[in-house]
Amino acid sequence: MAVYGKDEKRCATCIYWKGKRNVEFQYIETDECDGKCGCSDGFYNIKTTQSSACSDWNGFSSKNDN
């Protein structure tokens, strides 16, 4: 389990990541280390770790600085 700020560009904080997590107001808490990517333009259906990152990251907030 890990905790990340919503603005940290990690798989765990990306809307495409299919790992188990709890999304709170300012942070995201993961329940498992691995999940699969759901981004069809990225690493689609490939297992990634919660702390991995890529250029297709898309956060939960409406204020994304991609």
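Under 5 Å between amide H atoms, partner at least 5 residues away or on a different chain: which partners does residue 17 have, H built in plane at 1.01 Å?
Here the answer is 38, since their amide H atoms fall under 5 Å of that of residue 17.
Suppose each label sits 7 Å from its Cα in the direction of the beta carbon; what would the residue 40-residue 58 distance come out to in nanometres?
Label-label distance for residue 40 and residue 58, simple model: 1.0 nm.
Mind ordering 1-14, 23-36 by average Cβ neighbours within 10 Å, highest first?
Values: 1-14: 17.8, 23-36: 14.1.
Per-residue Cβ counts within 10 Å, averaged per peptide and sorted highest first, yield 1-14, 23-36.
In whole Hz and in residue order, list the ³J(HN,Hα) couplings for region 37-43 that follow from phi through the Karplus curve 6.51 cos²θ - 1.76 cosθ + 1.60, θ = phi - 60°; x for Gly and Pro.
Running phi through 6.51 cos²θ - 1.76 cosθ + 1.60 with θ = phi - 60° gives 7, x, 7, 5, 8, x, 8 Hz.
Given the convex hull over the Cα atoms of the chain, what projected area results after averaging over all orientations, in nm²? Kindly include the intermediate steps, with their values, before the conclusion.
Working: hull surface 15.1 nm².
Projected area, direction-averaged: 3.8 nm².
Skipping prolines and chain starts, which residues have an amide H placed within reach, meaning under 5 Å, of the one on residue 7, given they are 5 or more residues away or on another chain?
Sorted by chain and number, the residues that satisfy this come to none at all.
Please give the per residue accessible area of the chain, computed with a probe of 1.4 Å over protein heavy atoms only, in Å².
Numbers: 4350 Å² over 66 residues.
Computed with neighbouring chains in place, this is 66 Å² per residue.
Amide H of residue 48 versus every other amide H placed in the peptide plane: which residues, excluding those fewer than 5 positions away on the same chain, fall under 5 Å?
Amide H to amide H, under 5 Å and 5 or more residues apart or across chains, residue 48 pairs with 35, 36, 37.
Residue by residue, what Karplus-based ³J(HN,Hα) values in Hz, rounded to whole numbers, does region 6-23 have, using 6.51, -1.76 and 1.60 with θ = phi - 60° and x for Gly and Pro?
4, 8, 6, 7, 10, 4, 4, 9, 8, 5, 7, 6, 9, x, 6, 7, 10, 9
Leaving out ligands, DNA and RNA, what percent of the accessible area of the chain is carbon and sulfur, probe 1.4 Å?
On the way: 2010 of 4350 Å².
Whole-percent figure for carbon plus sulfur exposure: 46.
Below 8 Å, C-alpha to C-alpha, sequence gap of six or more: please give me the relative contact order for the chain in percent.
On the way: 137 pairs, mean separation 23.2, N = 66.
Once normalised by length, the contact order is 35 percent.
The values are calculated or read from the model by the stated rules, or taken from the named source; none is laboratory data. Because the structure is predicted, anything quoted here is derived from the model rather than measured. Ideal geometry is used to build each Cβ from the backbone, glycine not excepted, and the neighbour counts take in all protein chains shown. Note: areas computed on protein heavy atoms with side chains; ligands, DNA, RNA excluded. Shrake-Rupley method; radii C 1.70, N 1.55, O 1.52, S 1.80 Å.
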